[in-house]
1. Pairs Lys176/Lys414; Lys315/Lys403; Lys176/Lys396; Lys152/Lys187; Lys241/Lys315; Lys165/Lys251: which are spaced more than 28 Å apart, C-alpha to C-alpha?
2. Between Asn318 and Thr106, what is 0.36 nm times their sequence separation minus the Cα-Cα distance? Round to one decimal in nm.
3. Can you work out D for region 139-198 in µm² s⁻¹ from Stokes-Einstein, where Rh is the Kirkwood radius over C-alpha pairs, the temperature is 4 °C and the viscosity is 1.567 mPa s?
4. Give me the net charge of Gly126's neighbourhood, meaning all other residues with Cβ under 9 Å from the Cβ of Gly126; Lys, Arg count +1, Asp, Glu -1.
5. With each label point set 7 Å from Cα along the Cα-Cβ vector, what nm distance links Glu270 and Gln201?
6. Could you provide, to the nearest whole Å², the per residue accessible area of region 206-350 with probe 1.4 Å?
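The values are calculated or read from the model by the stated rules, or taken from the named source; none is laboratory data. As the structure is a prediction and not an experimental result, all values here were calculated from the model. Note: ideal-geometry Cβ built from the backbone for every residue, glycine included; neighbour counts use all protein chains shown. Accessible surface is based on the protein model in full, side chains and every heavy atom, while ligands, DNA and RNA are left aside. Shrake-Rupley method; radii C 1.70, N 1.55, O 1.52, S 1.80 Å.
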Amino acid sequence: MPKGKFFYLFIGGIIIFLLGLLLGVILLQQPVKRPQIPEPPAAPQSPAVAQEEAPPAAVPLAPPGDIEPPVSMLMPAPAAKEETPAAPAPAIKAEFQKGMNFVAWTSAGYSNSSSISAMEQMANLGINWAGLVSTWYQDKYNSTSIYSVKDKSPTDESLVFAIRKLHELKFKVMLKPHVDIIDAAGKWRGDIGFDKAEDWQAWFDSYTAFVLHYAAIAARENVELFCIGTELSRASVNQGKRWRELIKKIKEVYKGPLTYAANWSAEYDEIAFWDALDYAGIDAYFPLVCSAQPKVEELKSAWSDWLRDIEAWQKRINKPVLITEIGYKSLRDATDEPWQHVGVGELDLGLQVNCYQALLESFWDKPWFYGVYWWYWGVNPRMGGELNRGFTPQNKPAQDVVKEWYNNKPVPEKIY
């Protein structure tokens with residue numbers, strides 16, 4: 001190759017090398033661009049809240065049974081606002097009750113074919129409310145422990161059978177727990193009481209357990225009315241605060257209407273907790289001192305003084321009134337001390353008829369009167385009869401009075 005041409009190629013290579021070196025330096029001085037990972041979009045925020053609070057925990061399951069859980073268990077609390085008072089619970093509408101106490105004193109007395117037949121007898125008379133009685137016992141009037149007695153207290157299974165069968169037959173039910181004394185020695189349930197506060201508390205602890213047991217059954221079986229006690233005169237009059245505490249506990253378990261069956265003497269008009277109940281109940285064994293064989297009008301006249309007392313009391317407490325228990329033996333002179341259970345004396349079926357008629361004529365049209373539960377209908381359909389001197393109207397002429405009034409007498413408009 002000629003020397004001149006070689007020279008020019010050498011010079012050109014150097015120039016190309018220098019240019020490449022310069023370009024590399026320029027490229028190394030540029031910033032390196034890395035791939036960008038997109039950020040998640042920010043959650044929208046209320047202009048009034050700087051940062052959203054954590055969401056509430058999962059809603060817990062409702063507690064077992066029929067007790068409605070509190071609202072705070074069902075939904076998260078609302079944002080803080082001006083407080084609004086809670087709405088009052090809706091008032092329970094009073095209902096007129098064409099009643100009969102339905103009673104068994106054996107463990108399985110309510111749950112057999114005879115009992116079903118007796119229920120059907122009641123239905124045929126137009127009875128639409130059954131007062132279902134369950135009796136527990138305490139040893140003496142000043143004992144503090146109440147318990148069921150085998151073969152004397154209905155089992156829960158027997159009681160529930162009766163409730164379900166009565167409902168099937170279109171009855172409504174008042175569940176009515178009773179307490180009786182084993183060794184009475186001249187005392188009765190109205191005498192149950194104590195001199196020491198700790199004994200009262202021990203008795204009320206036992207009584208509360210007893211009553212709440214049946215309140216739970218009433219709730220589960222959709223019983224239409226619950227009676228919180230019967231004729232516990234000394235306790236109801238002297239221990240009003242403890243009764244109010246008991247009523248609060250019952251209402252936590254059973255949401256239906258409540259009553260109490262007060263004795264006619266020195267109790268019904270001295271109780272101070274009627275305002276906490278829905279019906280005021282009287283076991284109305286008022287003495288109607290008359291002739292040996294009084295007619296209906298004479299019996300109504302004997303009722304007139306008692307009615308004035310009852311109406312004055314009812315006006316004071318402003319509650320619908322139930323006669324939660326009343327009965328008359330088929331016996332001469334049964335009106336003098338109608339509470340006496342001993343059926344000794346001359347048989348008189350007509351007096352029982354007149355007593356039923358006089359009571360219904362005296363009370364039926366009173367605007368505050370909401371029904372009566374007669375004492376009593378037995379679980380044996382052959383009970384009573386025209387030779388029976390006892391209280392039951394079963395298979396006696398008095399049941400015809402019940403049938404006539406319950407089936408044919410219209411219920412007048414009532415005030416509640």
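1. From the list (Lys176/Lys414; Lys315/Lys403; Lys176/Lys396; Lys152/Lys187; Lys241/Lys315; Lys165/Lys251), the Cα-Cα distance tops 28 Å for Lys315/Lys403.
2. Working: separation 212, 0.36 × 212 = 76.32 nm, distance 3.82 nm.
The Asn318-Thr106 span can extend by a further 72.5 nm.
3. Value of D from the Cα-based Kirkwood radius: 92 µm²/s.
4. With Lys, Arg at +1 and Asp, Glu at -1, the neighbours total +1.
5. 2.5
6. Averaged over the residues of region 206-350, the accessible area is 39 Å².
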